[in-house]
Structures are given as C-alpha cells and as structure tokens.
Amino acid sequence: MSLNAEARRAERECLTFRRRANYETVPPLSNADKPRLQPVKVDPKVFFANERTFLAWIHMALLLGGMAIGIIGFAARSGVSPVPGLVLLPVAITFVMHALRQYYVRARAIRRREPGPYEDKNGPVALAVVLAVAAAGNVLIHLSLQ
C-alpha cells in the first residue's frame with residue numbers, strides 16, 4: 001500500500017470515528033504530540049553561560065573559604081577559638097561540591113542536546129539555608145564564648 005493510500009485510509013477512519021463521537025472526544029493534533037526528528041540546536045552561548053555560572057559559584061565558595069581560613073589563622077595568633085572558622089569551612093566545601101555537580105549535570109545535558117530546563121530550583125535555597133545555619137551557629141558560638 002502506498003503512503004498516500006495509507007494516509008487517505010487513516011483520514012477516513014479518523015472522520016468515521018469523529019462522526020461516531022459527535023466531534024467531542026477527538027483531540028486536535030499539535031506539534032507537541034509529534035516526535036522530534038531533529039536534535040535540539042544548542043547555541044554556543046549556552047556552554048559559556050554554564051561556565052560563567054560555575055565560576056560565580058566557585059567565586060562565592062572561595063570567598064567563604066578565605067574568610068574561614070582567615071578566621072582560623074587569626075584565632076591561632078590571638079589565642080581565640082578557631083571554631084567559627086571551622087564551622088564556615090564545610091560550608092565553603094559544600095558550595096564547591098554543589099557547583100561541580102551542577103556544572104557536570106548541565107554540561108552533560110547540553111552535550112546530549114537534551115531539551116528542557118537547566119535551572120536548579122532547590123540547590124541555591126539549600127545552600128542559603130546551610131549558610132544561614134552556619135552564620136547563626138557562629139553568632140551563638142561567639143555569644144557563648146563571652
């Protein structure tokens with residue numbers, strides 16, 4: 001059976017079904033229902049945006065790590081407790097681990113030309129909570145040492 005004959009037969013069957021269903025139950029065909037034949041086109045800007053986001057997270061982690069090491073170094077010279085710096089250091093390491101994970105997940109999705117949102121909705125919120133808990137812990141440690 002040729003392609004045109006097959007298409008005409010399918011159209012007749014569809015029309016027969018529509019007459020039986022009184023045009024109520026047949027959903028219209030849209031482009032979203034059709035399978036994608038071509039791969040998703042990835043703009044080169046997407047690769048650079050992924051790297052730029054990674055570098056921004058690493059920058060924040062380096063700031064936190066630098067503050068933690070500075071607090072630990074200052075505490076060693078002045079005889080103050082280094083605990084606030086030791087509380088902040090795992091937070092910086094958590095930021096680095098999150099940045100690495102997100103970078104590799106997004107890079108793999110871009111290489112595979114996967115469609116879909118690349119944003120991370122829960123990670124920044126979780127990191128903000130971890131940072132807030134560490135800051136509150138440092139304040140409580142400072143108040144308990146006085």
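The values are calculated or read from the model by the stated rules, or taken from the named source; none is laboratory data. Worth saying up front: this structure is predicted, and the values here are computed from it rather than measured. Cβ sites come from the backbone with ideal geometry, for glycine too, and all protein chains shown count toward neighbours. Calculation scope for accessible area: heavy atoms of the full protein, side chains included, ligands and nucleic acids excluded. Shrake-Rupley method; radii C 1.70, N 1.55, O 1.52, S 1.80 Å.
Out of everything in segment 78-125 that is small (Gly, Ala, Ser) and either touching a residue at least 24 places away in the same chain (Cβ under 8 Å) or outside any helix (DSSP H, G or I) (or both), what residue ends up being nearest to GLY65 (Cα to Cα)? Quick ask: steps written out before the conclusion?
Residues of segment 78-125 small (Gly, Ala, Ser): 78-79, 81, 85, 92, 99, 107, 109, 116, 123.
In the following step, the residues that additionally are either touching a residue at least 24 places away in the same chain (Cβ under 8 Å) or outside any helix (DSSP H, G or I) (or both) were identified as 79, 81, 92, 99, 107, 116, 123.
Values: GLY79: 21, SER81: 17, ALA92: 5, ALA99: 14, ALA107: 26, GLY116: 33, GLY123: 19 Å.
My answer is ALA92.
Of everything in segment 102-140 that's β-branched (Val, Ile, Thr) and closer than 30 Å to VAL83 by Cβ, which residue is surrounded by the most Cβ atoms within 10 Å (Cβ to Cβ)?
First, pick out the residues of segment 102-140 that are β-branched (Val, Ile, Thr): 105, 110, 125, 129-130, 133, 139.
Imposing the further condition that a residue be closer than 30 Å to VAL83 by Cβ reduces the set to 125, 129-130, 133, 139.
On the way: VAL125: 10, VAL129: 10, VAL130: 15, VAL133: 12, VAL139: 11.
Out of the qualifying residues, it is VAL130.
So is LEU86 open to solvent by 50 Å² or more (accessible area, probe 1.4 Å) and either acidic (Asp, Glu) or at pLDDT below 90 (or both) or not?
On the way: open to solvent by 50 Å² or more (accessible area, probe 1.4 Å): yes; either acidic (Asp, Glu) or at pLDDT below 90 (or both): no.
When the stated conditions are applied, LEU86 does not pass them.
Inspect all residues belonging to segment 97-120 and state whether any of them is modelled with pLDDT of 90 or more and more than 28 Å from PRO44 (Cβ to Cβ). Explain how you work it out, then say what you get.
Of the residues in segment 97-120, the ones modelled with pLDDT of 90 or more are 97-108.
Those still in the list that are more than 28 Å from PRO44 (Cβ to Cβ) too: none.
No, the conditions are met nowhere in segment 97-120.
Please list, ordered by first then second residue, the pairs with beta carbon atoms under 9 Å, 6 or more apart or interchain, first in segment 54-75 and farther than 13 Å from MET97 by Cα and assigned to a helix (DSSP H, G or I), second open to solvent by 60 Å² or more (accessible area, probe 1.4 Å) and of a type outside the set (Val, Ile, Thr).
Here the result reads ALA68/LEU86; ALA68/PRO90; ILE71/LEU86; ILE72/LEU86, each pair linking segment 54-75 to a residue that is open to solvent by 60 Å² or more (accessible area, probe 1.4 Å) and of a type outside the set (Val, Ile, Thr).
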